[in-house]
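The values are calculated or read from the model by the stated rules, or taken from the named source; none is laboratory data. Predicted model, so just to flag it, every value in this text is computed and none were measured. Virtual Cβ from ideal backbone geometry, glycine too; neighbours counted across all protein chains shown. To get the accessible areas, we keep the full protein, side chains included, count just its heavy atoms, and leave off ligands, DNA and RNA. Shrake-Rupley method; radii C 1.70, N 1.55, O 1.52, S 1.80 Å.
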Amino acid sequence: MPRLQNKVSLITGAAQGIGLATARRFAQEGAIVIVCDIKPEAVEDATRQCQALGAQAAGFVLDVTDRARVDEVVKQVLDRFGRIDVLVNNAGITQDARLQKMTLEQFDRVIDVNLRGVFHCSQAVADAMVRQGSGVILNASSVVGVYGNFGQTNYAASKFGVIGFTKTWSRELGPKGIRVNAVAPGFVATPILGTIPDKVIAELEHRVPLGRLGQPEEIASVYAFLASDDASYVNGAVLEVSGGLVV
Ligand code: NAI
């Protein structure tokens, strides 16, 4: 029995990588999938992929840093489907540099997308979820947000911040029937790793007790679990999905 039957699930950054794998997994679990991303053609393609898996799906071009657009998309989803059951705050970027080299532009951009974007989307859906008396918000953190990482001042701060959101909203929204959790993946084979040299990737793999990078589907399955009633008592948690890697 599909675990997310007819759950209206909005996924940001759903055009590729972990977001796309999550959209596809949610489609297989029976969800109504709302695909959101900044890349118009990839949004269409991902939406079609979900439909091909038998799901109802709709695509929206959405930049999570654009609050007016976030509100507009949430309104359109509510007008069309009547509710939002699950929000997966997956959109995220990196712009790496050591502390002494990092520009303010690099700092601001990563905080804008990874932290402020999560705030925008969560605030935009919260009223509807409270009215429904139910909902699930899932936030993309990272092992880098837990342990820090060389060259990732901005990214580590944003992902640590997301854990702060998760803990706070689980307290504020838990009493309203809404669960809020974070997933902290290790290193997962997606385009986001494109800037990391092959040698460093090989070293990373060596340090993972399971001996390899994660696959996007292995994060998607955790999002599906957390979104489902199988996780009905999981709230305010940060679930590390890293093959045992400690950065
Ligand atoms: P990715 O780079 O493959 O995909 C990210 C998606 O987000 C892209 O489709 C991109 O167009 C979209 N996006 C970027 N900026 C956006 C914006 N302003 N508004 C809406 N969409 C936007 O990345 P990946 O690897 O799939 O990562 C997904 C999430 O998981 C990110 O939050 C990332 O930080 C996190 N993560 C990834 C890890 C990895 O090793 N791949 C490890 C830990 C966390």
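Solvent-accessible surface of the chain, averaged per residue with a 1.4 angstrom probe and all protein chains in place: 46 square angstrom. Taking only the C-alpha atoms of the stretch 150-247, Rg followed by Dmax gives 15.2, 48 Å. Per-atom-type breakdown for the chain gives carbon and sulfur 52% of the accessible area (1.4 Å probe, protein chains only). With N counted as the residues of the stretch 1-99, its alpha-carbon radius of gyration over 2.2 N^0.38 Å works out to 1.06. Straight-distance candidates among the aspartates and glutamates for linking to LYS159, with alpha-carbon spacing under 17 Å and chain neighbours fewer than 8 residues away dropped: ASP96, ASP108, ASP112, GLU240.
ALA42: net charge of surrounding residues, Cβ under 15 Å, Lys/Arg +1, Asp/Glu -1, itself excluded?
Values: positive: ARG24, LYS39, ARG48; negative: ASP37, GLU41, GLU44, ASP45, ASP63.
Local charge sum for ALA42: -2.
May I ask for the angle, rounded to the nearest 10°, between helix 216-227 and the longest principal axis of the chain, with both axes built from Cα atoms and the value confined to 0 to 90°? So the inclination is approximately 40 degrees. Normalising by residue count, the stretch 184-230 has a Cα convex hull of 79 Å³ per residue.
If contacts are Cα pairs under 8 angstrom and at least 6 residues apart, what is the relative contact order of the chain in percent?
Numbers: 529 pairs, mean separation 48.2, N = 247.
Relative contact order for the chain comes out at 20 percent.
Charged side chains reduced to their Cβ positions (Lys and Arg at +1, Asp and Glu at -1) give the stretch 55-213 a dipole of some 400 debye around its Cα centre.
Size descriptors for the stretch 20-75: radius of gyration and Dmax over Cα atoms are 11.2, 31 Å. Only helical runs count toward this figure. For the chain, summing -39,500 (n - 2.57) over DSSP H runs of n ≥ 4 and dividing by all residues gives -14000 deg cm²/dmol at 222 nm.
Across the chain, Cα-Cα pairs farther apart than 22 Å form 50% of the total.
Too long at a 30 Å Cα-Cα cut-off: which of LYS7/LYS199; LYS75/LYS101; LYS7/LYS39? Beyond 30 Å between Cα atoms: LYS7/LYS199; LYS75/LYS101.
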